[in-house]
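So that we are looking at the same thing, I have put the structure below in structure tokens.
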Amino acid sequence: MAEKYQLKKTEVWDGNMAAAHALRQAQVDVVAAYPITPSTPIVQNYAQFLADGYIDGEFVMVESEHSAMSACVGASAAGGRVATATSSQGYALMVEVLYQASGMRLPIVMTVVNRALASPLNIHGDHSDLYLGRDAGWIHLICNNPQEAYDLTLCAFKIAEDERVRLPVTTNQDGFLVSHTAQVVHPLDDDTAYKFIGDYKPLNPMLDTENPVTYGAQTEEEWHFEHKANQHKAIMDSFPVIEEVFQQFKDLTGREYKTIETYKMDDAEIALIVMGSTYETAMVAVDEARKKGIKVGVVMPRVFRPFPYNQLAEILKNVKAIATLDRSAPMGTTGALYNETAGALMANGQSAILTNYIYGLGGRDTTVEHLLQVIEETQQNAEAGKRVTPLQGFINLRGPKLSFN
Amino acid sequence: MATPKEMLTTWDKIQFGAVLPSFEDPKTKKRSKFHSYNYKVADWRVEKPVFNPDLCINCDFCWVWCPDSCILVEEVTTKRGKKQAKMVGIDYDHCKGCGVCVDVCPTPIKSLLMFPEHTPIEEALAQWPKKEDKKKD
Amino acid sequence: MKKITNLKEFACTPDRFLGGHRLCPGCAHSMIVREVVNATDDDLVVSTATGCLEVCSAIYPYTSWDVSWIHIGFENAAAAISGAEAMHKALKRKGKLYTDRPVKFVAFGGDGGTYDIGFQALSGATERGHDFLYVCLDNEGYMNTGGQRSSSTPIGAHTTTSPRGRVSYGEKQKKKDITMIMAAHGSPYVATACPSYWKDLAVKAQKALETEGPTFINALSPCTTEWKFKPEETVRIGELAVESCAFPLYEIENGTKLRITYRPKKKIPVKEYLGAQGRFSHLFKKGNEWILDLWQKQVDEYWDYLQRREECGV
Ligand code: SF4
Ligand code: SF4
């Protein structure tokens, strides 16, 4: 039996340590992983927990991320709790298998430390990897600080393994800004954390060899569409379960999570939409702008997939102008958050002046000042009653102003 | 045997995660409708192997090399108390007519021979080469 | 442990790989699979790389397997089985296994999924020491996609991506020696095998399954469709490969002890093996004699090398 880890009421953890402790407390049966910056410390911490006798499960140090996710799929289909961690290029290498994991309805949890994708190579935070996995059929949760990385990783197991869901889940945290920034975290003790998640509930385990099952059959044109539709419904239907798990977590800890987080949106006339740690910067910017009398709020989809589009539209009902901030180069169109927001508004017969900003690529700083500039431009649009600023702008980019209309 | 068409289902009734159970009842090893054992490949055949039990020496060569697991055997116990498999026939639902079994059959006059698919078994057996035919060539 | 003495007894094994699959008539893949899965009475968890075996044995809504089975992708059969094996270890340690019956882990991959795209995963899983048997179904090319070359395709073979042509004699490279590469991993047991020698293969499979740690068998799988021979000739083609020493049967323990497991009574010229297959027919045209000579030379040298190793006990 694994030793219990004596945690203090408050710990000072970075996002990687927080995620590693969550994996440990979940008593994961198999972790198969490959180190990659900036998520390497998750794997290292986990290895140390194992070396110190805090873990009963298997830790498989594979030879690539492709094999990491493949071993996770094999292990999960075998019938037990499975988790891994990765970033960036590693995530990209996994993509093929991410689709397999969700198609087989395997509740794998992956903590992703978001990082840019090469080329050119860059080890710092942006959301290129998260966006790459957008359509892979995983539930994606966004964490903005170490506490959230810890909390939501615990929640992730409960959501993934719920019999109404049975889908893989990622918890995302910004590379370095969250993963390597130590902050105060209030952990649960080991027993309480495990009890919250509960025992793994097997479904079609391969290791029940007396009742053999076949995973990964080929479904040609008479079958594939029905399977994919069924899978899509499962992820669409996961909203209430996610909300239920968040509620149970709140009951246990007092910490509240919503599928969409908002700050000062009640009376807002303009809104920023942003994901990741920049949400916290945006809150400060909103407070500053409000001092100048600008009625601005900020919105953050906590759950990126499934995308809470109707809820988003509801929140944006009364705003006149919106700036969507995407931390990934959309390469030839508007950013994902822009598109999701536009779709959400249109689908609900709403409209607002909508602009898109690309920011923070490869770990580029985005400060309160930068966001105040965005708020100001958005305010101009609101006041003019039409778009007077570019459709797509770039925040804190050196050189002549770059924009698209 | 449910045909693939009869197996078609709608998106809301489809197998979770496309996972297929081998058995309907694992205890009795009753194979499920998802087992290819319930799928016929007989129409792949142009010629079929016919088995002549009178010549067979139960070497089981055909059993080990049939790629479609369709040599039917029965477990028998010899006088010396050894268990052995006695060749009893061919599973024509799964035989593709490759002819491997005929090729590997070692009896001087083959105990398995290929015949056009529609030849009745009795007719095939009646046409079986005799020892004398063998001597002639 | 199951006793494998004679075929009459072996044939009493209830099959765990059943008919109704869509492999070509006369396909050696299923001969190999049956000789492997029937070699043990233990329960099995099997992973399979994308390839003929995979696409033909699990076409939804049917499976041909009476054992637990998973296919993920082309390159990760070894990684998948290593995950399943790790889960077994973890659940065993935690006392949470689903059954008390012994379970063994097997991965099947074609030569594409083994020599080429899946090699990294195989090398990794072997180095990590997982307890599994990897069986390569070596038909010397990407046959599932219509016969393209792989690094297992032997010199002179015609494939659709190394075609014979006005100025080409087909494949230019020598077949990669995967078994020796796996032996060099220090794997406790590796072997070559051919389904035409059923007992040699079944006994090797059993030995591999009984050996703790990562084991490997490279099984020659004569391919009627792409090697171009009649479906009923599969077993015979395998015999020609072995009797000519084009595909010698041997095993290596711990990477250091080689034993030849079958010695042809009279080594036949390799021409007889090559001549029986359409993929080599152009080698028998005027001007290509040198390739036949080269083939024979390479086969002789390799057979010599194996014998010398065996004699020296290395
Ligand atoms: S013809 Fe082929 S498939 Fe049919 S029984 Fe003989 S070996 Fe099996
Ligand atoms: S190979 Fe021929 S002799 Fe041997 S068991 Fe089959 S039919 Fe009988």
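The values are calculated or read from the model by the stated rules, or taken from the named source; none is laboratory data. What you see is a predicted model, and the numbers here were worked out from it, not measured in a lab. Cβ atoms come from the backbone with ideal geometry, glycine included; neighbour counts cover every protein chain shown. Calculation scope for accessible area: heavy atoms of the full protein, side chains included, ligands and nucleic acids excluded. Shrake-Rupley method; radii C 1.70, N 1.55, O 1.52, S 1.80 Å.
If you stretched the chain out fully between residue C:297 and residue C:96, how much longer would it get, using 0.36 nm times the residue separation minus the C-alpha to C-alpha distance? Present the calculation step by step, with values, prior to reporting the outcome.
Working: separation 201, 0.36 × 201 = 72.36 nm, distance 5.63 nm.
Working it through step by step, the gained length comes to 66.7 nm.
Rank these residues by their accessible area, most exposed first, probe 1.4 Å: A:253, B:77, C:179. Each step should come with its number before you reach the end.
Working: A:253 35, B:77 105, C:179 5 Å².
So the residues, ranked largest to smallest area, are B:77, A:253, C:179.
While we're on this one: For a Förster distance of 45 Å, can you work out the FRET efficiency between the beta-carbons of residue A:182 and residue C:2, rounded to the nearest 0.05? Display every interim value, and only then the final one.
Details: r = 58 Å, r/R0 = 1.28.
According to the calculation, E is roughly 0.20.
Here is a further query. Using a probe of 1.4 angstrom, how much of the accessible area of chain C is carbon and sulfur, in percent?
Details: 5820 of 10850 Å².
The value for chain C is 54 percent carbon and sulfur by accessible area.
Which of the pairs A:228/C:89; A:158/C:96; B:13/B:40; C:176/C:271 have their Cα atoms more than 26 Å apart in this structure?
Values: A:228/C:89 33 Å; A:158/C:96 19 Å; B:13/B:40 24 Å; C:176/C:271 20 Å.
Flagged as over cut-off: A:228/C:89.
About its Cα centre, what dipole magnitude does chain A give when the only charges are +1 on Lys and Arg Cβ and -1 on Asp and Glu Cβ, stated in debye to the nearest 20? Spell out each step's value before the answer.
Details: 33 positive and 49 negative charges, 253 e Å.
Once rounded to the nearest 20, the dipole reads 1220 debye.
Counting other C-beta atoms within 10 Å, and keeping those with at most 10, which DSSP coil trypsin sites (Lys or Arg not before Pro) do you find in segment C:280-309? Don't skip to the answer; put the middle values down first.
On the way: sites: C:285, C:286, C:297, C:308, C:309; in loops: C:285, C:286.
Here the sparse-neighbourhood loop sites are C:285, C:286.
Right, here's the next one. How much accessible area per residue does segment A:171-221 have, in Å², with a 1.4 Å probe? It would help to have the intermediate numbers written out before the result.
Details: 2100 Å² over 51 residues.
Ligands and nucleic acids excluded, the figure is 41 Å² per residue.
Along the Cα→Cβ direction, 7 angstrom out, place labels at residue C:288 and residue A:291. What is the inter-label distance in nm?
8.4 nm
Then there is this: Shape of segment A:260-398 from its Cα gyration tensor (a ≥ b ≥ c, root eigenvalues): rounded if a/c is under 1.5, otherwise prolate when a/b > b/c, or oblate? Don't skip to the answer; put the middle values down first.
Values: a/c = 1.26, a/b = 1.06, b/c = 1.19.
Here segment A:260-398 falls in the rounded category.
Could you give the length gained on full extension between residue B:25 and residue B:2, defined as 0.36 nm per residue of separation minus the Cα-Cα distance, in nm? Kindly include the intermediate steps, with their values, before the conclusion.
Values: separation 23, 0.36 × 23 = 8.28 nm, distance 1.72 nm.
Once the chain is fully extended between residue B:25 and residue B:2, it gains 6.6 nm.
Which residue, B:21, B:58, B:92, has the largest displacement toward the positive end of the dipole of chain B when charges sit on each Cβ (Lys, Arg +1; Asp, Glu -1)?
Among B:21, B:58, B:92, the one farthest towards the positive end of the dipole of chain B is B:58.
Considering only protein heavy atoms, what per residue accessible area in square angstrom results for chain C with a 1.4 angstrom probe?
Values: 10850 Å² over 314 residues.
For chain C, the per-residue accessible area is 35 Å².
R0 = 22 Å: FRET efficiency of residue A:163 with residue B:9, Cβ-based, nearest 0.05?
Values: r = 21 Å, r/R0 = 0.93.
That gives a FRET efficiency of 0.60.
Which value in deg cm²/dmol, rounded to the nearest 500, describes the helix-derived mean residue ellipticity at 222 nm for chain A, given -39,500 (n - 2.57) per DSSP H run of n ≥ 4 and division by the residue count?
On the way: 13 runs with 161 residues, N = 405.
Computed mean residue ellipticity for chain A: -12500 deg cm²/dmol.
GNM on chain C, C-alpha springs below 10 Å: top fluctuator among C:87, C:143, C:180?
It is C:87.
Additional query: Any idea what the dipole of segment C:7-312 comes to, in debye rounded to 20, about its Cα centre with Lys/Arg Cβ at +1 and Asp/Glu Cβ at -1? Provide the component values of the computation, followed by the final result.
Values: 38 positive and 37 negative charges, 95 e Å.
Approximately 460 debye in magnitude.
In what sequence, largest accessible area first, do A:163, A:340, A:314 appear using a 1.4 Å probe? It would help to have the intermediate numbers written out before the result.
Numbers: A:163 125, A:340 40, A:314 105 Å².
My answer, sorted largest first, is A:163, A:314, A:340.
From other protein chains only, count the Cβ atoms within 10 Å of every residue's Cβ in B:80-87, then give the mean.
Working: counts 0, 0, 4, 4, 7, 7, 3, 2.
Rounded to a whole number, the mean comes out at 3.
At the nearest 100 Å², what buried accessible area, both sides summed, do you get for C and B when the probe is 1.4 Å?
Details: alone 14340 and 10260 Å², together 21040 Å².
Interface area, both chains combined: 3600 Å², rounded to the nearest 100.
Then there's this: I'd like the orientation of helix C:234-243 relative to chain C: the angle between its Cα long axis and the longest Cα principal axis, in ° from 0 to 90, rounded to 10.
With rounding to tens, the tilt is 70 degrees.
What number, rounded to the nearest 500 deg cm²/dmol, is the helix-based mean residue ellipticity at 222 nm of chain B, given -39500 (n - 2.57) per DSSP H run of at least four residues and division by all its residues?
Numbers: 5 runs with 26 residues, N = 137.
So the calculated ellipticity at 222 nm is -4000 deg cm²/dmol.
Heavy-atom accessible surface, probe 1.4 Å, ligands and DNA/RNA ignored: which residues of segment A:25-40 lose at least 40 Å² versus the isolated chain?
A:29
Still on this structure, please answer the following. With an 8 Å cut-off on Cα pairs and a minimum separation of 6 or more residues, tell me the relative contact order of chain A in percent.
15 percent
Based on Cβ point charges of +1 for Lys and Arg and -1 for Asp and Glu, what charge dipole magnitude is obtained for the protein assembly as shown about its Cα centre, in debye rounded to the nearest 20? Can you show the working numbers first?
Working: 95 positive and 106 negative charges, 356 e Å.
Value, rounded to 20: 1700 debye.
Right, here's the next one. Using the basic label-point model (7 angstrom from Cα toward the beta carbon), what is the residue A:386 to residue C:314 distance in nanometres?
Spacing of the two 7 Å Cα→Cβ label points: 8.6 nm.
Hey, with R₀ at 41 Å, roughly what FRET efficiency would residue A:351 and residue A:10 work out to, going by the Cβ-Cβ distance, to 0.05?
Efficiency, rounded to the nearest 0.05: 0.35.
Solvent-accessible area per residue for segment A:260-398 at a 1.4 Å probe radius, Å²?
40 Å²
Counting only residues 5 or more places away or on other chains, whose amide H sits under 5 Å from the amide H of residue A:356 once H atoms are built in the peptide plane?
A:324, A:392, A:393
Could you please state how large a percent of the accessible area of chain A is carbon and sulfur, counting protein chains only and using a 1.4 Å probe?
Numbers: 7470 of 14880 Å².
Percent of accessible area from carbon and sulfur atoms in chain A: 50.
As I understand it, the value is the acute angle between the Cα axis of helix A:146-161 and the longest principal axis of the Cα atoms of chain A; what does it come to in degrees, rounded to 10?
Once rounded, the angle reads 60 degrees.
Counting only helical runs of four or more DSSP H residues, what would the 222 nm mean residue ellipticity of chain C come to if each run contributes -39,500 (n - 2.57) and the total is spread over all its residues? Before the final figure, lay out each step's value.
On the way: 11 runs with 110 residues, N = 314.
Helix-only estimate at 222 nm: -10500 deg cm²/dmol.
Putting +1 on Lys and Arg Cβ atoms and -1 on Asp and Glu Cβ atoms, find which of C:215, C:103, C:191 reaches farthest to the positive end of the dipole of chain C.
The residue sitting farthest along the positive end of the dipole is C:191.
Classify segment A:159-202 as rounded, prolate or oblate from the Cα gyration tensor: take a ≥ b ≥ c as the square roots of its eigenvalues, call it rounded if a/c is under 1.5, otherwise prolate when a/b beats b/c and oblate if not. Could you put the intermediate results ahead of the total?
Details: a/c = 4.35, a/b = 1.49, b/c = 2.92.
Here segment A:159-202 falls in the oblate category.
Only protein chains counted, 1.4 angstrom probe. Which residues of segment C:37-66 are at least 40 Å² less accessible in the assembly than when their chain is isolated?
Buried by 40 Å² or more upon assembly, which counts only protein chains, are C:60, C:61, C:62, C:63, C:66.
Under 10 Å, Cα contacts only: if you run a Gaussian network model on chain A, which one of A:165, A:12, A:178 comes out with the highest mean-square fluctuation?
A:12
Let me ask something else. Along the charge dipole of chain A, Cβ charges K/R +1 and D/E -1, which of A:215, A:200, A:259 sits furthest on the positive end?
Checking the options against the dipole of chain A, the answer is A:259.
Could you tell me how many degrees, from 0 to 90 and to the nearest 10, lie between the Cα long axis of helix A:40-51 and the main elongation axis, the longest principal axis, of the Cα atoms of chain A?
That helix lies at roughly 30 degrees to the long axis.
Applying a 10 Å radius around every beta-carbon, put C:114-127, A:72-85, A:118-131 in order of their mean neighbour count, most first.
Details: C:114-127: 23.6, A:72-85: 31.5, A:118-131: 19.2.
So the order, starting with the most tightly packed, is A:72-85, C:114-127, A:118-131.
If you don't mind, another one. Which lysines have a Cα less than 17 Å from the Cα of residue B:130, not counting those fewer than 8 places away in the same chain?
Within the straight-line cut-off, residue B:130 pairs with B:110.
Here's another thing I want to ask about it. Determine the shielding of peptide C:272-283 by partner chains: average, over its residues, the number of Cβ atoms on other chains within 10 angstrom of each Cβ. Could you put the intermediate results ahead of the total?
Values: counts 0, 0, 0, 0, 0, 0, 0, 0, 0, 0, 0, 0.
That works out to 0 on average.
I would also like to ask the following. Can you tell me how chain B classifies by the Cα gyration tensor, rounded, prolate or oblate, using a/c under 1.5 as the rounded cut? The partial results should precede the final answer.
Numbers: a/c = 3.39, a/b = 1.75, b/c = 1.93.
The shape class here is oblate.
Ordering A:365, C:300, A:151, C:15 from largest to smallest accessible area (1.4 angstrom probe), what's the sequence? It would help to have the intermediate numbers written out before the result.
Working: A:365 100, C:300 55, A:151 0, C:15 25 Å².
Ranked from most to least accessible, the order is A:365, C:300, C:15, A:151.
Could you work out which residue, out of C:72, C:59, C:81, moves most in a Gaussian network model of chain C, that is, has the largest mean-square fluctuation with Cα springs under 10 Å?
Result for chain C, Cα springs under 10 Å: C:59 fluctuates most.
Cα to Cα, under 19 Å, and not fewer than 8 places away if on the same chain: which lysines meet these conditions relative to residue A:320?
A:264, A:292, A:295, A:386
Moving to a separate point now. Which positions within segment A:63-92 get 10 Å² or more of their accessible surface covered by the other protein chains, compared to the chain by itself, with a 1.4 angstrom probe?
Going by heavy-atom accessible area, the residues of segment A:63-92 that drop by at least 10 Å² are A:63, A:64, A:66, A:67, A:70, A:71, A:73, A:74, A:75, A:78, A:79.
Related question: With solvent modelled as a 1.4 Å probe, how much accessible area in total do chains A and B shield from it at their shared surface, in Å² to the nearest 100? Intermediate results must be reported in sequence, preceding the final value.
On the way: alone 17340 and 10260 Å², together 25960 Å².
Roughly 1600 Å².
So what's the Cα pair-distance distribution over chain C, bin width 10 Å, in %?
With 10 Å bins starting at 0, P(r) equals 6, 28, 36, 22, 6, 1, 0.
How many Cβ atoms of partner chains, on average, are near each residue of B:38-45 if near means within 10 Å of its Cβ?
Per residue, the average neighbour count from other chains is 3.
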